[in-house]
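Since the structure comes first, as structure tokens, the remarks are kept for the end.
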Ligand code: NAD
């Protein structure tokens, strides 16, 4: 989206606010309680000095927003990107609150971000940024306080550095302070592909609802990172027809279906999906408008906007990314009768297995991959069923139903706890 276009759309925090207001409008909540739910409970900004490899001292800005801790410790990823803003982190933190409530896991919502470009940083610089950021947030993090996880441009290694830094200060190893860790350090089996696999589970539920067959379901994805590649792989292995992938560097298309396992190998070898044999190169923005049954955005916010929403041809939109659809676009999709599996449900597989990781770390007892998967599937299927049933009962679109369900659950926790004065 160009800067001029993005000005016409709301930013993610504003979009979240509009959806929140719309959902609250259907609920009978006291105005004061809605006020409490609307604002993040804590916003921390840090400016962290880091010694660069060149010997120069650089200062990076980092954020951690805790939107709500009413239902449990804050939970949410850390994002490294040159475009991170406080409003983006606020939106992502509030979505974590609603997401954890929709799938009914005992966490609140939080999110973090550091304004940096990991592509331009050495491993040593990344480690120093991560450790100093963690050290600055020491008073706010902890297994009972706020538990980070990976997000865009952060991975298992970065989570290991967060865990080690926190543990060094605590003087004992505290694996449960962060999730998405390597298996050797208290990570959970099935965490790496949980978000993508969760997308497949909710797509399966949507197919059941519409009596559609997997092998006749064409899928186009945007983004081939952690979420996109794992969603594509699981869908492919379950015999969906994945016909297109839109990446930052270019799109690829094959109407007969792409071999996703071979594509993952190709990307590993060539560093890009572009040029993959048996595919034609296509414009990544155009690809979102191709004919398909499922469109699965798994890249960034604000990708489906008032500019392109009307031209989408999918029957189902499964939001692997957080906030890929703007508020204006959401209304257009409703008019077009596109079935939306909203982000706070569709990508909840990741936080669900993060919850399992936290439980396993605290127990010091680890589950098999089958146990993780069975338990995650059950939670997501219940979540899907809850949202669909609620949408039908309340006669609202699925996204608003998911918000309403989540807001009610968080409001109920606040009511029961009372307001401490
Ligand atoms: P990632 O960094 O692994 O992957 C992002 C991918 O998107 C990259 O391949 C990048 O090249 C691509 N991309 C960026 N801009 C693009 C553009 N304009 N067009 C097409 N592709 C583009 O990040 P991720 O962890 O896969 O996260 C993706 C989304 O899913 C984010 O919105 C994130 O918040 C959300 N999410 C992630 C998790 C998780 O467990 N990682 C969980 C829930 C939600």
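What follows is calculated from the coordinates using simple rules that are stated; it is not laboratory data. Predicted model only: the values in this text are computed from it and were never measured. As a convention, Cβ positions derive from the backbone with ideal geometry for all residues, glycine included, and neighbour counts pool all protein chains shown.
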Problem set entry | the chain: relative contact order in percent, alpha carbon pairs under 8 Å with at least 6 residues between | 17
Exercise. For residue 209 and residue 144, what is the calculated FRET efficiency with R₀ set at 51 Å and r taken between the beta-carbons, to the nearest 0.05?
Worked result: 0.85
Problem set entry | Largest to smallest principal axis extent of the C-alpha atoms in the stretch 1-97, angstrom | 58, 38, 18
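Specify, per residue and in Å³, the volume enclosed by the convex hull of the alpha carbon atoms belonging to the chain.
Numbers: hull volume 60.9 nm³, N = 421.
Spelled out: Cα convex hull of the chain, divided by residues, is 145 Å³.
As a test, work out the antiparallel percent of DSSP beta bridges whose residues both lie in the chain, rounded to the nearest 5.
Values: 24 of 48 bridges.
So the antiparallel bridges amount to about 50 percent of the total.
Express as a percent, rounded to the nearest 5, the fraction of DSSP beta bridges in the stretch 39-184 (both residues included) that run antiparallel.
Working: 17 of 26 bridges.
Percentage antiparallel, nearest 5: 65.
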Seminar exercise, completed: Using alpha carbon centers only, the stretch 253-326 is separated from the stretch 52-82 by a whole-angstrom value of 29
Problem set entry | Helical mean residue ellipticity (222 nm; -39500 (n - 2.57) per DSSP H run of 4+; nearest 500) of the chain | -14500 deg cm²/dmol
For this session: Give the order of 366, 356, 327 when sorted by the count of other beta carbons within 10 angstrom, beginning with the fewest.
Result: 366, 327, 356
Problem set entry | Mean Cβ count within 10 Å, highest first, over the residues of peptides 343-351, 28-36, 305-313 | 343-351, 305-313, 28-36
Exercise. Can you sort 167, 54 by how many other beta carbons sit within 10 Å, fewest first?
Worked result: 54, 167
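Ranked by Cβ crowding within 10 angstrom, fewest neighbours first, how are 42, 99 ordered? Please list the in-between numbers first.
Values: 42 15, 99 29.
Listed from fewest to most nearby Cβ atoms, that is 42, 99.
Expressed as a rounded percentage, what relative contact order does the stretch 39-184 have, with Cα pairs under 8 Å and six or more residues apart?
Values: 314 pairs, mean separation 35.9, N = 146.
Taking the mean separation of contacting Cα pairs over the length of the stretch 39-184, I get 25 percent.
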Exercise. Relative contact order for the stretch 315-391: what is it in percent, counting Cα pairs under 8 Å that are at least 6 residues apart?
Worked result: 31
Seminar exercise, completed: Rounded to whole angstroms and listed largest first, the alpha-carbon spread of the stretch 194-346 along its three principal axes comes to 42, 31, 26
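Any chance you could run the full-extension gain for residue 363 through residue 54? It's 0.36 nm times the residue separation minus the Cα-Cα distance, nm to one decimal. Walk me through the numbers on the way to the answer.
On the way: separation 309, 0.36 × 309 = 111.24 nm, distance 4.38 nm.
Additional length available on full extension: 106.9 nm.
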For this session: Determine the distance separating the Cα centre of the stretch 143-222 from the Cα centre of the stretch 104-130; give it in Å without decimals.
Result: 14
